[in-house]
Every structure is written in structure tokens, then in C-alpha cells.
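Every read-out reported here was derived from the displayed coordinates using simple, explicitly stated rules and does not represent laboratory data. Bear in mind that the values here come from a model prediction, so they are computed numbers and not experimental data. Virtual Cβ from ideal backbone geometry, glycine too; neighbours counted across all protein chains shown.
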Amino acid sequence: MAVSGVSSTNNYMPTATGAESSADQTKASLNYDSFLKLLVAQMKNQDPTEPMDSTQQIAQLATFSQVEQTIKTNTNLESLLQRNSLGEANAAIGKTVTSADGKTTGVVKEVTLYSDGIVATLDTGKTLVIGPGVKIK
């Protein structure tokens with residue numbers, strides 16, 4: 001999604017990024033696959049006179065299913081938050097902003113979207129983090 005005057009980077013402050021989320025999803029998938037392999041091996045090697053409790057098997061499968069769904073939910077939430085941030089960044093371009101302390105003011109020429117916030121480049125050449133207390137007109 002390209003927005004004129006908006007650049008995006010993840011170098012501002014370290015937080016979970018889309019790439020990290022994807023890596024987490026891959027790790028969880030590997031763990032889920034590993035669990036299934038262990039489960040099959042356990043079933044093959046169990047003592048026929050004392051088989052594994054089916055209730056435990058179902059509980060284990062349900063737990064891994066919940067983890068997988070949580071990871072998918074987190075990925076979707078991160079995507080939604082990123083889209084929201086892009087909308088906020090785009091809306092600030094061309095507006096006059098004033099810092100919370102009133103010392104920095106100017107018209108937003110460009111915004112840079114970081115993983116944890118928006119930094120506006122003003123017509124005065126100064127930069128301002130768009131956050132609590134910043135007035136946008």
C-alpha cells in the first residue's frame with residue numbers, strides 16, 4: 001500500500017514487526033509439526049497393555065490448535081494496526097502540528113512510519129513524533 005509522502009521503516013524502536021510475526025508463525029508451525037511427529041511416534045511405541053489416555057491426546061491437540069489460532073489472530077491484528085497507522089500518517093500530511101510543549105510547530109511535509117509510531121518532517125526542517133499531546137490542525 002503506497003501513500004504519497006509516507007515512508008515506512010522499523011528502525012525507530014524495537015517492537016514486533018511483520019517479519020518477526022512471520023518467523024513466530026513458522027516456529028509455531030514447526031513446533032506443531034514436531035508435536036504431531038512425537039504423537040505418532042508415541043502411539044507406535046506405546047505399550048498395548050497400557051495405551052495412552054485418549055483424553056490426554058485430545059487435550060494436547062486442542063492446546064496446539066489454540067496456539068496456532070492465536071498466532072493467526074496476532075498476525076491479523078498487526079496487519080490491521082499497520083493499516084491504521086498508514087491512514088493516520090497520510091492524514092497528517094499538509095496539516096499544521098504543534099508539539100505538546102508548544103515549542104515546535106510547522107506544516108507536515110512528510111511522515112515516516114516506524115514500527116511504534118509516526119515521525120513528521122515539518123516545513124521548517126524539524127522532526128516531531130506524532131503522539132499524545134501533539135496538536136494537529
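Between Q82 and N45, the FRET efficiency estimated from the beta carbon spacing at R0 = 41 angstrom works out to 0.35.
Order of 114-127, 64-77 by packing, highest average Cβ count within 10 Å first? Present the calculation step by step, with values, prior to reporting the outcome.
Details: 114-127: 16.1, 64-77: 12.9.
Top of the packing list down: 114-127, 64-77.
Karplus-based coupling profile of the stretch 60-65, in residue order and whole Hz: 5, 4, 5, 4, 5, 5, with θ = phi - 60° in 6.51 cos²θ - 1.76 cosθ + 1.60 and x standing for Gly or Pro. With neighbour counts taken as other beta-carbon atoms within 10 Å, the residues E110, E50 rank, fewest first, as E50, E110.
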